[in-house]
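Quick notes on the structure that follows.
The values are calculated or read from the model by the stated rules, or taken from the named source; none is laboratory data. Being a predicted model, the structure only gives us computed values, none of them experimental. Ideal geometry is used to build each Cβ from the backbone, glycine not excepted, and the neighbour counts take in all protein chains shown. Quick note on the areas: whole protein, heavy atoms, side chains included, nothing else; ligands and nucleic acids left out. Shrake-Rupley method; radii C 1.70, N 1.55, O 1.52, S 1.80 Å.
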Amino acid sequence: PLPSAPLQDIRNTVGNIPMEWYQDFPHIGYNLEGKRIYKPIRNKDELDMFLEKMENPDYWRTVQDKMTGADIKLTDEQVDLVHRLQKGQFGDVHFNPYEPAVDFFTHEVMIHPVTNRPADKRSFIPSLIEKEKVSKLVHAIKMGWIKPRKPKDDTPTYYDLWAHEDPNSILGRHKMHVPAPKMKLPGHEESYNPPPEYLLSEEEKLAWEQQEPAERKLNFVPQQYRCLRAVPAYSRFIHERFERCLDLYLCPRQRKMRVNVDPEDLIPKLPKPRDLQPFPTTQALVYRGHTSLVRCLSISPSGQWLVSGSDDCTVRFWEVCTARCMKTLPVGGVVKSVAWNPNPTICLVAICVEQSVLLVNPCLGDKLLYGATDQLLESYVAPEEERVQPVQWVMATMEEHSKGVRLVIQHSKAVKQVTWHGKGDYFASVVSDNSNMQVLIHQTSKRWSQNPFRKSKGLVQCVLFHPIRPYFFVATQRYVRVYNLLKQELTKKLMTNCKWVSSMAIHPGGDNIICGSYDSKLAWFDLDLSTRPYQLLRHHKKALRSVAFHKHYPLFASGSDDGTVIVCHGMVYNDLLQNPLLVPVKVLKGHVLTLDLGVLDVLFHPTQPWVFSSGADGTVRLYT
C-alpha cells in the first residue's frame, strides 16, 4: 500500500473510476468538502525529465500517485515489497508458505458411522422432473427446434496462395519447381574405420590446418575408431545442418527459358580465304647478309630495289627479284629507320643513324633518274640571311659523297623514325626526347626544318603523313592525334584502347588506319566512324612490332615477336554505309626467334601482292 497522503492532501473522493477521465481537466477529483483537488503544476519538458533522471539519485524510486497527481518517493519497505511481488513471492514478510501440514482427518477408520440415518428414497428412484426435461428436449430435437451443434471447423487460417492460378500460365508453380540440389553422398573417407590410405599423415594434417577453409578438399579430418560404439558425437553437426539450410533457402532456383539458337548463326559469316586471293602464301626468297637484327625496311617506288637497316651498323641495298645485295653502306651506328622517297622521279633514301638523318642517293637503276636527283640537290641556293633552325643541314664530305651520302641533317638527340610525305619533298623525323622538340618536319628542296608543336603531348612513338589530304598523324603511347597542317589545329584524337602503341599504317584511301601495340593487339580505325577502334584484332601471341597496308590490294599485314607475319584481307567499300570487311587469311612463318624478338618490320611490294619481313635473325624474307 502507498503511504498515507500528507495532511493538506485530503483523500480524493471520486471513487473507483478510471483516472483518465480527468486527463483534460485542471483538477483530479474532489475532497470531502466537495472542493476540487487541483493537479500539481507539471511544466517539465523532455530535456528537464532527462536532466532529472540523470541528476536525481532517487529518480528510480519516485512514482506518480494517480489519485492526487503528486510524485511520491517510495520507502525502503515499499521497494522491498515491489521486488518480492516481482519475484512471485508473498507480500507479507512474515508469512511462511512451507509450514508443516496439519492432518485434519484421522487415518484410523471408525467402526460405526457418524450418523445412522436411513438413506432417502429419492437417492435410488429415477427423478421424474429430469425425465420430463429430457422428453421435452427429445421432442424439440424431433421438431427441429433445437439443432445439433455444428462440428467445429478446424481448417487452418493459412491457405495456398497459388491454388487458384491458371495452371497453363508459364509461371505456374509446378512448372517453375526445381528440386533442391542433392548433398554429396559420404565416401570411404567419412567411414568410422576408413582404409589406411584415406587417413592423413602428420604432414598432410599440418598442411590441412594451414589451408583456408574454402581451399580444403575435405572439410573434416578422417579418423579411425575400433568400433561403432567408440565413435563420439559429431561436433560440427549443427553447423553443417545450418549451412545446408542456408544453401537451400539462399539458392536461387529458377528454370531458365532457353532460346534455341543455332551456334553457326552467332559466328559472323566471313568469306573463305581462297575467295579473297591474291595474297602472299609462301616464302619465296631470303635476303641474307646482315650479321645482326634487321630493324627496318623500305622499297623503291618502282618495286625493283629494297633497302634494309640493321644493328650491324650497315645499310644494304638489294635487288628484289634475285635477293642479290647490290650495295652495302657502313654508317657507323645502329640504323633505326630507313625510308625510300615515294616520288618515282627522285632516287633518294632517308636513313636514321644515332643523332642524324642521312639523305643517300643509292645510284641504282636508271642513270638519268639518279643523275637528275643529284642535279636537283646541287641546284640549291642558300638564302641571304641565316635562319635559326632546330637542326643543322650539313653537306656530305668527299669520302661520304663517294659512298652515296648527299646531305646530313644533324639533330640534338637520337632519331628513331623518318617518314616521307607522298609528294617526296617533305619528310618528318621523330627524336627520342620528352620536350616539344620530338617531331620535326623538314623540306629537302629548301633545306629548311621546323618544329610544328609548341608543347609535348606525351612520348611520340611514330608519325605519318596522310596520303592525299594535308593531315599529319602523331601516335603517342595511348592515343593517335590527327592534325590539320593547313589550319594548324588538332582535328581528332583517336583512343587506341592499347597500353603502348608500337606502329601505325594508313590505308591508301586515307580513311582507315591501323595501329599495332606491344600488348599484342591490332586496332583498326575508321576515321569517319568513330574515335574508338572499329575492331581490335588479337591474332598475335606477343607484341606487335610493325603493321603495313598494301598500296593497291585490300591487304594489310602485322609482324610480331612471336616470329609470324599475319596477312589479313581488309576491304574498304566506296559505299559509306558498308563497314570494312576484315578477314585474317594467312599466317606466314619462317623467322627464327632471337633474343625473344621475332619480326621487326613488315612491308608490302608497291605493285605485287608480296610482303617483305625483316627479323631479329638477321634475314629479310619475301613471301609471294
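Out of all the residues in the stretch 196-213, is one or more part of a loop (DSSP other than H, G, I, E, B), of a type in the set (S, T, Y) and open to solvent by 90 Å² or more (accessible area, probe 1.4 Å)? Write out each step before concluding.
Going residue by residue through the stretch 196-213, those that are part of a loop (DSSP other than H, G, I, E, B) are 199-201, 211-212.
Right, trim to of a type in the set (S, T, Y) and you get 201.
Narrowing the set further to residues that are open to solvent by 90 Å² or more (accessible area, probe 1.4 Å) leaves none.
Within the stretch 196-213 (the criterion being part of a loop (DSSP other than H, G, I, E, B), of a type in the set (S, T, Y) and open to solvent by 90 Å² or more (accessible area, probe 1.4 Å)), the answer is no, since none of the residues qualifies.
Whether a residue is in a loop (DSSP other than H, G, I, E, B), at pLDDT below 90, open to solvent by less than 100 Å² (accessible area, probe 1.4 Å) and of a type outside the set (D, E) was assessed, and P151 does not pass this test.
Y249 meets each of the listed conditions (1) outside any helix (DSSP H, G or I); (2) open to solvent by 100 Å² or more (accessible area, probe 1.4 Å); (3) of a type outside the set (A, V, I, L, M, F, W, C); (4) out of contact with any Asp or Glu (no Cβ under 6 Å at 6 or more places or on another chain) apart from (1). Total residues in the stretch 343-376 satisfying the condition of being farther than 25 Å from A414 by Cβ and open to solvent by less than 80 Å² (accessible area, probe 1.4 Å): the figure is 12.
Looking at (1) open to solvent by less than 100 Å² (accessible area, probe 1.4 Å); (2) in a loop (DSSP other than H, G, I, E, B); (3) at pLDDT 85 or above, which is the one condition that is false for H239? Every condition holds for H239 apart from (2).
Conditions tested, residue by residue: (1) under 28 Å from C325 (Cβ atoms); (2) open to solvent by less than 60 Å² (accessible area, probe 1.4 Å); (3) touching a strand residue (DSSP E or B) at 6+ places or on another chain (Cβ under 6 Å); (4) of a type in the set (D, E, K, R).
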position: V259; (1), (2), (3), (4): no, no, no, no
position: R288; (1), (2), (3), (4): yes, no, no, yes
position: L293; (1), (2), (3), (4): yes, yes, no, no
position: D311; (1), (2), (3), (4): yes, yes, no, yes
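The set of residues in the stretch 514-535 being of a type in the set (V, I, T) and either surrounded by fewer than 20 Cβ atoms within 10 Å (Cβ to Cβ) or outside any strand (DSSP E or B) (or both) consists of T531 alone. Return the pair list, or none, for Cβ contacts closer than 7 Å from residues in the stretch 69-97 that are more than 30 Å from N43 (Cβ to Cβ) to residues that are surrounded by 12 or more Cβ atoms within 10 Å (Cβ to Cβ), at least 6 apart or on different chains. Note: pairs meeting the criteria are G91/L81; G91/R84. Just name the residue that is nearest to the chain's Cα centre (by Cα) out of those in the stretch 322-336 that are open to solvent by 10 Å² or more (accessible area, probe 1.4 Å) and closer than 20 Å to W420 by Cβ. Only one residue tops the list, namely K336.
If you scan the stretch 572-583, which residues turn out to be surrounded by 15 or more Cβ atoms within 10 Å (Cβ to Cβ) and either hydroxyl-bearing (S, T, Y) or within 13 Å of P273 (Cβ to Cβ) (or both)?
Initially, the stretch 572-583 is screened for residues surrounded by 15 or more Cβ atoms within 10 Å (Cβ to Cβ), giving 572, 580-583.
Hits for the stretch 572-583 are L581, L582, V583.
Got a sec? Which strands (runs of 3 or more DSSP E) wholly within the stretch 407-513 have at least 3 residues that are more than 28 Å from A382 (Cα to Cα)? Give the derivation first.
Details: elements: 415-420, 426-431, 439-443, 448-450, 462-465, 471-475, 479-484, 489-495, 501-506.
In the stretch 407-513, the matching strands (runs of 3 or more DSSP E) lie at 462-465, 471-475, 479-484, 489-495, 501-506.
Got a number for residues in the stretch 40-79 being of a type in the set (D, E, K, R), open to solvent by less than 80 Å² (accessible area, probe 1.4 Å) and part of a helix (DSSP H, G or I)? Total meeting the criteria: 3. On the stretch given as the stretch 329-382, residues that are modelled with pLDDT of 85 or more and charged (D, E, K, R) total 2.
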